[in-house]
Each structure stands twice: as structure tokens, then as C-alpha cells.
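One structure is given below, encoded as C-alpha cells.
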Amino acid sequence: LLNRGLLGLSDGRLADARTDVESLLKGDPKSTEGLNLRGLIAFREGKLDEAIADFTQAIELYPQFSDAFLNRATVHVQKREYEQALKD
């Protein structure tokens, strides 16, 4: 499901990608990769606060998850929250 969701994201099929990642997280709610992917989907959908929440949850579960920090920083830049971005 994760790989199919990533493919959907890269192909711009966000609804399909979201369906896949939601199925993944239903079975494994602590999947840091799944949370990161859902955050990326939310970011692409313009749901910036949802994206930050997913990246934050992934970081809380795995504090060394550098991709989630980078992704969260990117969203903070998009929101012009530069101090937050620098912290990430």
C-alpha cells in the first residue's frame, strides 16, 4: 500500500494515494512512512495544517526521521513560518 500510495502521489492521483495510505494507517496507525506520505498528500492538496500534524506525529514516533523534518520545514516555509522552518 505504501508503494502504491507513493506512485499515486507521484502520478498526481491524490485521491487514490490517500485511499491507499488511509488503508495502510488503519492497519498500522504508527507507520511513520505512512504518516509522512499522508502529510505529503495533504501538502499537495493544500491542507497545510493537516500536513504539519502528520509530519509531527511521524517525528514524535521516530525522532530521527529526517524526511519528516524536511517535509515539515517545507510546509512551514509555504506558510511563511520561517522560525518554525529553521527549527526543523
A correct Kirkwood calculation over the Cα atoms of segment 1-46 returns a hydrodynamic radius in Å of 9.9 Å
Taking Cα atoms, the helix 48-61 axis meets the longest principal axis of the chain at an angle in degrees (rounded to 10) of 90 degrees
Stretched fully, the stretch from Val77 through Leu2 gains (0.36 nm per residue minus C-alpha distance, one decimal, in nm) 24.4 nm
Heavy-atom accessible area of the chain with neighbours in place, 1.4 angstrom probe: carbon+sulfur share in percent works out to 51 percent
The helix 32-44 Cα axis meets the longest alpha-carbon principal axis of the chain at an angle in degrees, between 0 and 90 and rounded to 10, of 80 degrees
For the chain, the count of lysine pairs 8 or more apart or interchain whose alpha-carbon atoms are under 22 Å apart comes to 5
For the chain (alpha-carbon point model, no solvent) the Debye-based log₁₀ I(q)/I(0) at q = 0.10, 0.14, 0.22 Å⁻¹ works out to -0.22, -0.43, -1.00
In degrees rounded to 10, the 0-90 angle between helix 14-27 Cα long axis and the longest Cα principal axis of the chain is 80 degrees
One quarter of the C-alpha convex hull surface, i.e. the mean projected area of segment 34-81 in nm², amounts to 2.7 nm²
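The values are calculated or read from the model by the stated rules, or taken from the named source; none is laboratory data. No experiment lies behind these values; they were computed from the predicted model shown. Heads up: the accessible areas ignore ligands, DNA and RNA and are worked out on the full protein's heavy atoms, side chains in. Shrake-Rupley method; radii C 1.70, N 1.55, O 1.52, S 1.80 Å.
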